[in-house]
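Heads up, the thing below is written out as structure tokens.
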Amino acid sequence: MNMKPELLAPAGDLDRLKVAITYGADAVFIGGQQYGLRSRAGNFTRSEMEEAVSFAAMHGAKVYVAANMIAHPGDAEGAADFFRMLEEIGISAAIISDPGLIEIARESAPDLPIHLSTQASTTNSEALAFWKEEGIERVVLAREVSLQEIKQMKDKVDIELETFIQGAMCMSYSGRCTLSNHMAERDANRGGCAQSCRWDYTLEEQNRKFVMGAADMMMLRHIPELIESGIDSFKIEGRMKSAYYVATVVRIYRQVIDRFLEEGERFRFDPAWEAELRDAMTRETSTGFYFGEPAIADLQRKRRARKTFLGRVVGTDGTAGRVRVEPRNAFSVGDEVHCFGPAMESVVLCVRSITTLEGERIERAATPMRHVYVELDHPLGEDWFLTSKG
Amino acid sequence: MEVRYSVTPFDEKQAQRLLEAGASDLVLGIERLTLRSPGYFSREEMRNITAQAHGAEATVTVRCNALLDEGGVGLFRKELSFLEEIGVDRLLLLDVGAIHIWRTSGCRIPFYVDGETVLTSAEQCRFFTRIGAQGAILSRELTEKEISRIKEGCDANIMVQAFGHTCLHHSKRKLLTIHGTKSKERIREAKTGKSYPVEENAMGTHVYSAEVLLLDDRRFEELGIEELLLDGNAMDREEYEYLICKILRHELLAEDLRTSGMDFGTGFFGREETVR
């Protein structure tokens, strides 16, 4: 009998946290105002964290806080208060990589579980045994381990394992890159990564391109193998990604996981899932190190997302088929739009009319964020997303 | 207090010459257990070098600072007993898996934690001394002030890289092989035009700093730092030996630096403020 893994989604802010949970995430990871690695994400204040925990609890989900920066002298001042605060408000775990911060968290907030961040580059069973003895509840493995190694490690040490299944990847072992420090004056290990690996380089003697950026990870097709390997938590990368991206990714992975667990040997992968996921992605994809050493095809190649994010339903006015939409890209009366919500199926609907909040009928919603009422030939709920048909 | 110089010979003969020039410590690499090293040594060579070093009242440090995979775990366990048998003086360990093996095997060779980019605070040093480390090699991305605060905040022996290219990026991917080129190259960044050495080995790909770090050892005496690493990664063997022998004999002149054709700098150590 296969164990149901946790589907863990990123949440850059409260809105995206609610979207992730509504669309099926079992847990979300967020950043606090300090100690995280995404200084440019909309990190959570204490009151936002409290609201997040309360919303998650209502939906049976968990909230983890990433505190995975590598501290320099002075950075750890205040860390004990920070971890105590996480413990007080009921955060399910702190994700940490710096051993100094782990020590502080353990001493100041003994009831706050600690997940070891992927930044700690854990690649073998002896390291798992070490962290287990140190009281770590879960280890987020380095992206450089293969599926076969994961199985071996899982067999040898009884500790929760979390691995990345979707999203952008560091070209280096995470944390073992300071290109950004040297090239952009921003500390990669303190939230300032400038993604210098994705800049343009040439091999000097040969004067030809040298690619250091990685393709994005996508493990959708391999969910059955990942579940069978006993991995406890499947992590989606992307605290900087939009609510639309989070909703798309969580919804599709949720479908595949649930369908496989329900159908077992009868399960058949539907290529439409992958097509829909790809439509929201802007880079080519790879399975990273899961099945062996990455090759040239696993390097960064940009692609245009096939679907354009048109808008999000933010409310209704009680009129059947009419919803209030927050536009992101232009759409017009008569357009056929792809709509999806937390439920499994998506639909293609025709835009029957567009009306401003002041009641003026218009042909085209062209101003991003200026709410409009949209009449469609099917009722939609709040937090549904509208995209182009692709 | 006398500063000790740890040097990284490219081969056995050079190890001998560096000892003659006054090296206090030879740092050796083992192909599948060392992240990167100018020289990788067989068991026989390590045995000989250890005997020679001890004869010259110097020590031998073996860098076992790889991130181990499941295969590497077994190899490290085997190698550990051999290193103990030949009387190696110190290990450099990075992977806590390696530290766990060290601890559970009852190994008596002292170790320093070699955290590379992620060893940046006194709190971390205290963590590693609690689990058995005698000392720590700090990240190169620290200012002099930060190093001073770390030194004051922990009891660990502190080692700092004071010479050589520093590694900025380590990928497990074989990026040079993937690009169909040789295992040592230079890459140029388009916007600044700066050129960086890149090397590939069994552990993956390593991108090094454009400049060669060269720090004044008198600064370290004031900070109470006892051990300096003079690293030869990504350098030409003869150039390394020439400059290191000069440093060890306290004969390095501005003229030597000029004629080497290399760009020297003080890296993050020389900065007033830390990069955030």
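The values are calculated or read from the model by the stated rules, or taken from the named source; none is laboratory data. Everything numeric here is computed off the predicted structure, so don't read it as measured data. All Cβ positions, even for glycine, are placed from backbone atoms using ideal geometry, and neighbour counts span all protein chains on display.
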Quick check on my filter: what residues within the range B:35-55 are buried (at least 16 other Cβ atoms within 10 Å of the Cβ) and of a type in the set (A, V, I, L, M)?
B:L35, B:M46, B:I49, B:A53
Return the residue satisfying two criteria in turn: it lies in the range A:57-80 and is of a type in the set (G, A, S) and in contact with a Ser or Thr (Cβ under 6 Å, 6 or more places away or on another chain), and of such residues it is nearest to the other protein chains (Cβ to nearest Cβ).
A:A71
Using the structure shown, decide if A:F234 is in contact (Cβ under 8 Å) with a residue 60 or more places away in the chain, within 14 Å of chain B (Cβ to nearest Cβ), under 27 Å from A:M153 (Cβ atoms) and not small (G, A, S).
no
Enumerate the pairs (first residue in the range B:164-192 and at the interface with another protein chain (Cβ under 7 Å from one of its Cβ atoms) and free of Cβ contacts under 8 Å to residues at least 40 places away in the same chain; second residue anywhere and part of a loop (DSSP other than H, G, I, E, B) and of a type in the set (A, V, I, L, M, F, W, C)) with beta-carbon separation below 6 Å, excluding pairs fewer than 6 apart on the same chain, so at least 6 apart or on different chains.
B:S171/A:M171
Consider B:T143 carefully, then state whether it is more than 7 Å from chain A (Cβ to nearest Cβ), surrounded by 16 or more Cβ atoms within 10 Å (Cβ to Cβ) and within 20 Å of the chain's Cα centre (by Cα).
yes
Would you tally the residues in the range A:169-204 being more than 7 Å from every other protein chain (Cβ to nearest Cβ), of a type outside the set (S, T, N, Q) and surrounded by fewer than 20 Cβ atoms within 10 Å (Cβ to Cβ)?
3
Test set (1) over 30 Å from A:I227 (Cβ atoms); (2) at pLDDT 90 or above - A:R304 fails condition number:
(2)
Go through (1) out of contact with any Asp or Glu (no Cβ under 7 Å at 6 or more places or on another chain); (2) more than 20 Å from B:Y112 (Cβ to Cβ); (3) hydrophobic (A, V, I, L, M, F, W, C) one by one and return the number of the condition B:A23 breaks.
(2)
Within the range A:284-304, tally of residues that are surrounded by 17 or more Cβ atoms within 10 Å (Cβ to Cβ), more than 17 Å from A:R221 (Cβ to Cβ) and more than 14 Å from chain B (Cβ to nearest Cβ):
0
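Does A:S332 satisfy the criteria of being surrounded by fewer than 18 Cβ atoms within 10 Å (Cβ to Cβ), among the hydroxyl-bearing types (S, T, Y) and touching a Phe, Trp or Tyr at 6+ places or on another chain (Cβ under 9 Å)?
no
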Restricting to the range A:81-104, count the residues that are of a type in the set (A, V, I, L, M), away from chain B (no Cβ under 11 Å) and within 23 Å of A:G175 (Cα to Cα).
4
Select from the range B:99-110 the residues that are surrounded by 24 or more Cβ atoms within 10 Å (Cβ to Cβ) and more than 7 Å from chain A (Cβ to nearest Cβ) and list them in ascending order.
B:W102
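Test of understanding: among A:E363, A:E358, A:E375, which residue is surrounded by 16 or more Cβ atoms within 10 Å (Cβ to Cβ), acidic (D, E) and not assigned by TED's automatic domain parsing to the domain that holds A:T282?
Result of the check over A:E363, A:E358, A:E375: A:E375.
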Could you list, in sequence order, all residues of the range A:122-140 that are in contact with a Ser or Thr (Cβ under 7 Å, 6 or more places away or on another chain) and closer than 20 Å to B:L33 by Cα?
A:L128
